[in-house]
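Heads up, the thing below is written out as structure tokens.
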Amino acid sequence: MTALAAALVLALYTVLVGTVAPRRLARAHWPQRAPRLALAVWYGLAATFTVACSLAAYHLTLTGPHAHGLLALFDSDAPSAAEGPTVLLPVGLGALWPLCAIVAAARRARRERADHLDRLALAGRRDPALDAVLLDHPTPAAYCLARGPVVVSSGALAGLPSGQLNAVLEHERAHLTGRHHLLLTVSSGLARALWRLPLAHGLRQQTATLLELMADDRAARRCSAEDLAAAVCEVATAVPSATALAAGGAGALLRIRRLLRPAPPLRLPVRLAVLVAIALGPTVPYLLTCGPIPR
């Protein structure tokens, strides 16, 4: 396989991973049964897409005969690609671009959190009994910021029965315990790095939804699933900002249906197969470049 052929194969692979795979995954029903595993699949797609783009650019810079892929590791006599700034630059940029986008997203999230805390200091008051900040607002709402606090509106406090209010608080504490804001920031950065691809849109949207499902699962182990579903219905329209994780956040209707009619979890062999696919996914672009040395 020549360097140009390898680059074309990798380009086709990036098209499949960046467009076809995320659309099919977004329409699948099994992620509702295993949200944590589905989240890992989305990040695996982003990783293999980044690796494939870097390797495609790398092969376009190569000249002359050289061993591709794994053959270069097992054939000591095979001519290998010349190493130098020109050849290594695409690989370096491919790795640094997503990292820079994630750092930029983290800085934006930190600024937004600081601004939000300033507003809460003026409009809210700490409630020791709830271990939350009480915000005087008639709309039922509950959300949390990165590293806290949990915020509850006076409308939620007045309108939700004690069981539903406790379920909402457990949901928000699940976000904080799981450090879900970090994943939300990473997905936001990766989505910007991937630009307008379906993979970018799906990663951002599905991360928000899957994190809500994960928080629901954790909260449902500590309180009534029926109370949590009813509370989600009450606060479904209240989403304060892009960096806050709200009890009525992404996919409220899906979450209510899932809480009231839970589906059986994925079987262990299926989970193991998906985990193996996630682990091997980033190596696929490298394996695709395996081929004989051109003569």
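Here, each number is a calculation from the coordinates, and none is a lab measurement. In this text, all values refer to a predicted model and were calculated from it rather than measured experimentally. So basically every Cβ, Gly included, is an ideal-geometry build from the backbone, and we count neighbours across all protein chains shown.
Could you tell me which of PRO198, LEU169, LEU157 has its Cα farthest along the dipole of the stretch 108-263 towards the positive end, charges placed at Cβ (Lys, Arg +1; Asp, Glu -1), taken about the Cα centre?
The one lying farthest along the dipole's positive direction is PRO198.
Place a +1 charge on the Cβ of each Lys and Arg in the stretch 108-263 and a -1 charge on the Cβ of each Asp and Glu, then give the dipole magnitude about the Cα centre in debye, rounded to the nearest 20.
Charge dipole, the stretch 108-263, about its Cα centre: 660 debye, nearest 20.
Would you mind calculating the relative contact order of the stretch 111-233 from Cα pairs under 8 angstrom and at least 6 residues apart, reporting the percent as a whole number?
Computed value for the stretch 111-233: 21 percent relative contact order.
If I take R0 = 30 Å and measure r between the Cβ atoms of LEU280 and ARG111 in this structure, what FRET efficiency does the formula 1/(1 + (r/R0)^6) give, to the nearest 0.05?
Once rounded, the FRET efficiency stands at 0.20.
Under the 0.36 nm per residue contour assumption, what length would be gained going from the current alpha-carbon distance of ALA121 and ARG271 to full extension?
Contour length minus Cα-Cα distance gives 49.5 nm.
Given R₀ = 22 Å, FRET efficiency for SER162-ASP131 by Cβ-Cβ distance, to 0.05?
In this case the efficiency is close to 0.90.
Can you compute the FRET efficiency between LEU182 and ARG221 using 1/(1 + (r/R0)^6), with r the Cβ-Cβ distance and R0 = 25 Å? Round to the nearest 0.05.
E(calc), rounded to 0.05, equals 0.70.
Going 7 Å from the Cα of ARG36 along its beta-carbon direction, which residues of the stretch 247-287 have the amide nitrogen within less than 16 Å of the resulting point?
It comes to 265-276, nothing else.
Taking 0.36 nm per residue of separation and subtracting the Cα-Cα distance, what length does fully extending ALA5 through ALA263 add?
88.3 nm
Given the Cα atoms of the stretch 108-263, and with Rh set as the inverse mean 1/r over their pairs in the Kirkwood sense, what is Rg to Rh to two decimals?
Taking Rg over the Kirkwood Rh, I get 0.97.
Could you tell me which of rounded, prolate or oblate describes the stretch 142-200, using a ≥ b ≥ c as the square roots of the eigenvalues of the alpha-carbon gyration tensor, with rounded for a/c under 1.5 and, failing that, prolate when a/b is larger than b/c and oblate otherwise?
prolate
In whole Å, how far is the Cα centre of the stretch 197-213 from that of the stretch 1-51?
14 Å
Skipping prolines and chain starts, which residues have an amide H placed within reach, meaning under 5 Å, of the one on LEU245, given they are 5 or more residues away or on another chain?
Result for LEU245 returns CYS144.
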